[in-house]
Every structure is written in C-alpha cells, then in structure tokens.
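Notes for the one structure printed next.
Coordinate-derived values only; no laboratory data. All of these numbers come straight from a predicted model, not from anything done at the bench. Neighbour counts are summed over all protein chains in view; Cβ atoms, including those assigned to glycine, are modelled from backbone coordinates with ideal geometry.
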Amino acid sequence: MTAPTTLDHVDIEGVDFAFEDSPEIHAILERLRAEKPYAVVPFAGVKAVLLLTHELVSAAFKDEDTFPASAVYSMTTGPVLGKTLQCMAGREHRVNRAIVSPPFRRSRISEYIEPVLEPLAHELIDRFADRGTADLVAEFTTRYPVLVISRLLGLPVEDEATVHRWAHDLFYFPMDPEAAMRASQEFTAHVTPILAERRRNPGDDLISMLVTESAEGETLDDEQILAFLRLLFPAGADTTMLALGNTLSALLTHPEQLDLLRSDPAEHVQWAIWEGLRWEPPVGLLPRACPEATTWHGIDIPPLTPMIFSINAALRDPAVHEDPHRFDITRRATSMLAFGQGPHSCAGSWLALAELNTALTILLDRLPGLRLQDGAAEQARVTSQVGVALRGPDSLPVEWDRQ
Ligand code: HEM
C-alpha cells in the first residue's frame, strides 16, 4: 500500500480549529462525530485530523511513537519555556519525569500542599467578601492557582502583580511571543539565585525537592529545573484557573445542581469537580502532530499532519457517557482523560484536584447563596481561550447574601 501524501478534502468549512472562537463548538463536534470518529478540518491554513471519540483520543495519547509530544512542543513552547518534559521522549523523559513527580504524588499533597491551599483561598476571599458582589474570574480563579505555584516554589515575591504578569505572558505566548520571551527571561533571572541558594541550603519547598531528588542515578541540572519551573505557570496555573472557572460557570448556570451541591458539600464537591472537568475540560482541543506517514485505526495520515486530540468531544462521547451534554454532578464519573493519558499525562493532576476541591468548598462556605448577577448568564459562558485549544469563562459576575 502506498503511504498517503495529502488529505484531499475537509469535512467542515468556515471554522479554523487553530484560531477562531467557536461558541457552538460542542454542537460542531457532535455533528462531525455523527459522520465518523474523526474529521479533517482547517487548522492555521492547512488541514488537520481531528480525533473525536473517547476510544481514538485515548489510543492516540498512549501512542507516543506515532504522535510524539515533542514534535509539537519543541516548536511551539521550546523557544520560550526551554526543553520541558513535553519536549522530551524516551529515557530522558522517563528520568526527568521520575525526578519531578514525587512532590506531586497523592500521598505528598496532604503533607505539604494542603496546608498552603486553605489559608490562600481565605486570604483572597477576605479581599472581597464584605462587598456582596465580585467577578470571580478577575478576583479569584486567575489569582489562586498562580499564588499556589509561587508559594510552593517558596518564591519571596513581594510583587504579586509581577508573578501574575509572568504567568499571563507565558500562557499567551502563541499570541504575543515577545512578551512571553521577556517574561521567561525575567522569571529565570528572578529564580536563578534562589535555585543556587537552595542547592547550598535545601529546605522543604518544591525547588529544594527538585535539587535533591534523583532517578536512575541522575539528578537535574539548573536548566532542566528552570525549564520545569517555567512550565509550571502555563501547565499548572492556567489550566487550574480555567478548570475552576468552568466548574463554577457550570454550577452557576445550573442552579439546581448548585443547590444539590450546597445540600451536602462533603458528599458532592469532588464529584462536581470531576463533572466540571468532563463537561468542559480546560484543555479541550489539544494539538499534536503525526511526523511520519501512516495508516492509524483505518485513518490515512500523510507525513507532518497536524493532529487535534479533542478531549472535549471524547468526554461527551455518548458511547461512554449517557446524555453527555447534561451537566450532572451525580454522574460519579472520574474523567481522567481531562488530564491526558499515556507517558505525557498530567504530572500535577492530584495537585490540581486538591486545589479545586479546596477552592470550591471554601467559596461555597464563605459566600452563602452564591449566584450569578442578574443578566450575567451570557458573560459567564465558557468560551475559547488562546485560540480554540483551551476553554474557560472570561468573567463570572456573582453576588451572595451578606451576613
Ligand atoms: C485542572 C487542571 C489541569 C489540567 C486539566 C491539566 C491537563 C493536562 C494535560 C491534558 C496534559 C497533557 C498534555 C499533552 O499530552 O500534551 C498535562 C500535562 C502536564 N501537566 Fe497538567 N493539567 C492541570 C493541572 C496541572 C498542575 C496543577 C500541574 C502542576 C504540577 C500540571 C503539570 C503538568 C505537567 C508538568 C505536564 C507535562 C507532563 C509530561 O509531558 O510528562 N498540570 N496537563
């Protein structure tokens, strides 16, 4: 059989899957999946293969030989963040990942991370609790995960606004590479002396753990640690910010589900988080690439084809989730695919879940009767962020009963 050289048609016109916000993205994905489990779609002026079912997305994540993560990340994030885990493969990836993973293991989270989370959530809510109204995106979801990361790193940052600017600029690197490069350089200049100090006198913070851990007889050099730390803002802070925003958006626009959650938070919070991740995963349409020509699961793929793993279509696949568009916190489904799968799956999923659980529990407790402000339903809708890859609400204008 001859290897395919081009994709000869597109299955949908008028939507570019790299750039354009598509308010009706779930309806588009459903329509395409009703035709076949994948679609050929416009992507930054070329054609990409979009995988739409749970089965295909899950298989593709696990198939690092056919769709290596490094093929995309080395080009897109490499120049800004350096050689991160996402740009590595094989033994190098295994060793680096083994060294950075222990601090994020489930068992370690309660030990050194949970004590950071609760006080921080209260600190942020204290700033607006008396007011009775707030935009939870501007005042909580964008702030909390960034501050969690900088406190875990033990960064002596007096200027909270600077850390937020670094996080924002690193996140928006596809839109403004110059600002991202500047943020990367400033962050590196800020952290390098701290790293040197932690090498001399390790403490109990995350940077100290990274300098002392080893795997297969190796430790990380400074640039490997710095690349991992740079990655933490876009990979760890922004994803969690969007996840919290999406779950809050879902709850606030489904008041009966919010009432159910409030009736027994201890029982429902973790399931509301999982259902939020399923209903609107923050990493919705993950770009990958297929470097070599292949026929994969019956799909003829030419060399150098952009691939899109549609996590959001997979998590609304009716073959896996009944009535998939319904937001229902009683589903009791753990939607791990929201964190990817296979060798490059999320290294911080337990941290993210702990952050989300703590934040949602404390917000509900501190802001009784939390609800959207009148007429704010449209603003609170989840939309595309950074092209169409990521999803989250732009704002969440809320009010609550003041005691
Ligand atoms: C709800 C929040 C989060 C979501 C939805 C999420 C999602 C993901 C996804 C889908 C991937 C796979 C990317 C790929 O295969 O190309 C990933 C990788 C990664 N995530 Fe997360 N993430 C979240 C929070 C975090 C946090 C808090 C951290 C902090 C440690 C983190 C660190 C990472 C790292 C380091 C990788 C790269 C792993 C590798 O390449 O081996 N993430 N995440």
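Using Stokes-Einstein with the Kirkwood hydrodynamic radius over Cα pairs, what translational diffusion coefficient do you get for the stretch 240-288 at 37 °C and a viscosity of 0.692 mPa s, in µm²/s rounded to a whole number? After rounding, the answer is 293 µm²/s. Could you compute the net charge surrounding H93? Neighbours are other residues with a C-beta less than 11 Å from the C-beta of H93; K and R count +1, D and E count -1. Net local charge, H93 excluded: +2.
Report the net charge of residues surrounding G217, where surrounding means a beta-carbon distance below 15 angstrom and charges are Lys +1, Arg +1, Asp -1, Glu -1.
Charge balance near G217 sits at -3.
Springs between Cα atoms under 10 Å define the GNM used for the chain, and in it the highest mean-square fluctuation of V137, V386, V41 occurs at V386. Taking every eigenvalue of the Cα gyration tensor of the stretch 243-384, multiplying by 5 and rooting it, what semi-axes result, largest first, whole Å? Result for the stretch 243-384: semi-axes of 33, 16, 14 Å. Based on alpha-carbon centroids, what's the gap between the stretch 132-199 and the stretch 18-92 in Å, whole number please? Value for the Cα centre distance between the two parts: 27 Å.
State the volume of the convex hull built on the alpha-carbon positions of the stretch 338-397, expressed per residue in Å³ and rounded to an integer. Walk me through the numbers before you get to the answer.
Working: hull volume 6.1 nm³, N = 60.
Per residue, the Cα convex hull of the stretch 338-397 comes to 101 Å³.
Taking a sphere under 12 Å around the Cβ of K83 and counting the other residues whose Cβ falls inside, with K and R at +1 and D and E at -1, yields a net charge of -2. Summing Cβ point charges (Lys, Arg +1; Asp, Glu -1) relative to the Cα centre of the chain gives a dipole of roughly 620 debye. Whole-percent P(r), the chain, all Cα pairs, 20 Å bins from 0: 27, 58, 15, 0.
Structure remark: mean-square fluctuation, Gaussian network model of the chain, C-alpha springs under 10 Å; the largest value among A98, A134, A272 belongs to A98.
Toward the positive end of the charge dipole of the stretch 145-224, with +1 on the Cβ of Lys and Arg and -1 on the Cβ of Asp and Glu, the farthest Cα among Q224, S214, A161 is that of A161. Cβ crowding within 10 Å ranks M75, M181 as M75, M181, fewest other Cβ atoms first.
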